[in-house]
Amino acid sequence: MMTQFFDTVPEPVAFAGRSAGLGQLAYRVYNPDRQVLGRRMEDHLRIAVCYWHSFNWPGSDIFGHGTFDRPWLAPDQDPMDAARAKQDAAFEFFEKLGTPFFCFHDVDMAPEGGSLAESRANLDAMVDRAAAKMEATGVRLLWGTANLFSHPRYAAGAATNPDPEVFAHAAAQVRHMLEATHRLDGANYVLWGGREGYETLLNTRLRQEADQLARFLTLVAEHKHKIGFTGTLLLEPKPQEPTKHQYDYDCAAVHGFLERYGLVDEFKVNIEVNHATLSGHSFHHEVAYAVDNGIFGSVDANRGDPQNGWDTDQFPNSVDELSPALYEIVRGGGFSTGGFNFDTKLRRQSMARDDLFWGHIGGIDTLARSLLVAEAMVADGTVEHAREQRYAQWGSDLGVDIMKGGVDLASLADKAVADRLSPLPVSGRQERLENEVNRIIWTTPS
Ligand code: XLS
Ligand code: NI
Ligand code: NI
């Protein structure tokens, strides 16, 4: 195993369980080969490391410069030399962390050139190199995506831009990155509409922008089929930031949009935990919505900070919060092409190179532990049983009649009067259910 950038971590991180020593870089729960509900833990969680926050970002914020120890980001290097060094660092990290997947944007991996053709050549060279590294290490691509939000040309959006030339530029980038993802045998392709939204309604036509966005997504879906890419296309909801309002606000908004434009069979959602909370929901809500409506695709694992409202993208660390969401995922049959991508950022003071290991290991163990709780929740059956009981009346003649459309409003009303219906309210048993879930969280062995 190559050691060049992470020399303080000479060995791959391994599962050590309870015997892991204090300060030892080891997994305490995540054990790739452990069987959970008939699948290996690794195949359940399908963990990916993201290229952007982990290898591209120097630890800068709007008030201050980069703080991280990242020699591959040092200025004054030839951009392609820097891209190669960054790729070496990334693959060294993937291999040492021992996780199966990674994700990247076009511009994470290769520098933009002076023209589309030059950018394309840069990316092709880096994708060739990535293919060789993937072959050598066995690391796979969970998803690729194009960055349609950083360059000033996208300040007013990409697909929703008032200028069709910007739309065409975005199309060129997505076409190329979709083909690169296909070439690397990616399992999914993601579109996050970072600037597909507005800053002010005073200059914005909402219907026109929605039509443009739908047109763009239709072109992407057509091209996917044309090139024979069999991965899943994913939209990543987010309510705002960087724009004041983003059209892909949450899962329900995305779902309605897909239905309206006849795209619901072409796209699923990539749910990010911190985007769920930004939209005023919980991650549990977004997952439950997507699973129940058949659009659940993949997850960007991270968390926000309840003290502020931002997309702080911290590493997940709450088993209490994640377990109910993992329960919905496994109840729904688990991931097919999706997985847990660590769209996570270290805090700016976590400057040391090996902090990247601590962040990922903690997050992965949290997910692994939540998966074990979810498995126990399935075996326990209390939650499922409570839901069954709650809706049991819909199996009665009245319930079936209503739902199959056998009654109109007037006949239903007449029946309610004639039968002197006087239904009694029933307890929702919320506290009891919360206690049951806690019981399972507290008693599930690792
Ligand atoms: C930003 C998004 C972004 C997408 C990929 O908030 O999470 O990182 O996952 O473009
Ligand atoms: Ni994300
Ligand atoms: Ni985010």
Worksheet item: If each residue's Cβ is checked for other Cβ atoms within 10 Å, how do L258, L22, L184 rank with the fewest at the top?
Response: L22, L184, L258
Worksheet item: What would the Debye formula give as log10 I(q)/I(0) at q = 0.19 Å⁻¹ for the alpha-carbon point model of region 1-147, no solvent?
Response: -1.24
Practice prompt. Express in whole angstrom the spacing between the alpha-carbon centres of region 240-287 and region 199-215.
Written response: 17 Å
Practice prompt. Compute the long axis of helix 430-443 from its Cα atoms, compare it with the longest principal axis of the Cα atoms of the chain, and write down the angle in degrees, 0 to 90, nearest 10.
Written response: 50 degrees
Item to complete: Determine the dipole magnitude for region 183-233: charges of +1 sit on the beta-carbon of Lys and Arg, -1 on that of Asp and Glu, nothing else is charged, the reference point is the Cα centre, and the result goes in debye to the nearest 20.
Response: 120 debye
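What do you get when you divide the Cα radius of gyration of the chain by 2.2 N^0.38 Å, with N the number of residues?
Dividing the Cα Rg of the chain by 2.2 N^0.38 Å gives 1.07.
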Worksheet entry | Positive minus negative residues near D248 (Lys, Arg vs Asp, Glu; Cβ under 9 Å) | -2
Worksheet item: Along the charge dipole of the chain, which of A253, L219, F55 sits closest to the positive end, that is, farthest toward it, with unit charges on the beta carbon of Lys, Arg, Asp and Glu (+1, +1, -1, -1)?
Response: A253
Response to the item:
In whole angstrom, the spacing between the Cα centers of region 382-446 and region 337-372 equals 39 Å
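To one decimal place, what orientation-averaged projected area in nm² is obtained for the convex hull of the Cα set of region 175-231?
Averaging across all directions leaves 4.3 nm² for the Cα convex hull.
Over region 97-227, what is the mean sequence separation of C-alpha contacts under 8 Å (at least six apart), divided by residue count, expressed as relative contact order in percent?
26 percent
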Discussion item. With a 10 Å cut-off between alpha carbons and a GNM built on the chain, which of G428, G262, G197 moves the most?
Written reply: G428
Worksheet item: In percent, how large is the relative contact order of the chain, given Cα pairs closer than 8 Å and 6 or more residues apart?
Response: 15 percent
Fill in: GNM result for the chain, Cα springs below 10 Å: residue of H225, H105, H182 fluctuating most strongly
H225
Practice prompt. Can you find, among A410, G381, A352, the residue farthest towards the positive end of the dipole of region 327-418? Put +1 on the C-beta of Lys and Arg, -1 on that of Asp and Glu.
Written response: A352
Fill in: Most fluctuating residue given options S19, S422, S54, as computed from a GNM of the chain linking Cα atoms under 10 Å
S422
Discussion item. Please report the net charge: other residues with Cβ closer than 9 Å to the Cβ of P237, K and R +1, D and E -1.
Written reply: -4
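Compute the relative contact order of region 255-342 as a whole-number percentage, counting only Cα pairs closer than 8 Å that sit 6 or more residues apart in sequence.
Here the relative contact order equals 31 percent.
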Worksheet item: Is region 44-125 best put as rounded, prolate or oblate by its Cα gyration tensor, with a ≥ b ≥ c the root eigenvalues, rounded for a/c under 1.5, and otherwise prolate when a/b is larger than b/c, oblate when not?
Response: oblate
Worksheet item: When you take every Cα atom in region 108-217, what is the radius of gyration, and what is Dmax, the widest Cα pair distance, in Å?
Response: 15.6, 54
Discussion item. Between helix 283-292 and the chain, what is the angle of the helix's C-alpha long axis to the longest principal axis, kept within 0 to 90° and rounded to the nearest 10?
Written reply: 70 degrees
Practice prompt. State the percent of C-alpha pairs, over all pairs in region 94-168, separated by a distance greater than 21 angstrom.
Written response: 39 percent
Worksheet item: Got a sec? How would Y261, Y327, Y27 order by Cβ neighbour count within 10 Å, fewest to most?
Response: Y261, Y27, Y327
Practice prompt. Arrange R195, R390, R348 by Cβ neighbour counts within 10 Å, fewest through most, would you?
Written response: R390, R348, R195
Fill in: Only Lys, Arg (+1) and Asp, Glu (-1) charged, at Cβ; the chain dipole about Cα centre in debye
440 debye
Response to the item:
For the chain, longest principal axis from Cα atoms; helix 79-97 axis from its Cα atoms; angle between them, nearest 10 degrees, is 50 degrees
Item to complete: Rounding to the nearest 20 debye, state how big the charge dipole of region 272-352 is about its Cα centre with +1 on each Lys and Arg Cβ and -1 on each Asp and Glu Cβ.
Response: 220 debye
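Just so you know, all these numbers are worked out from the coordinates, no wet-lab data involved. Keep in mind that this is a model prediction, so the values were computed, not measured. Cβ atoms come from the backbone with ideal geometry, glycine included; neighbour counts cover every protein chain shown.
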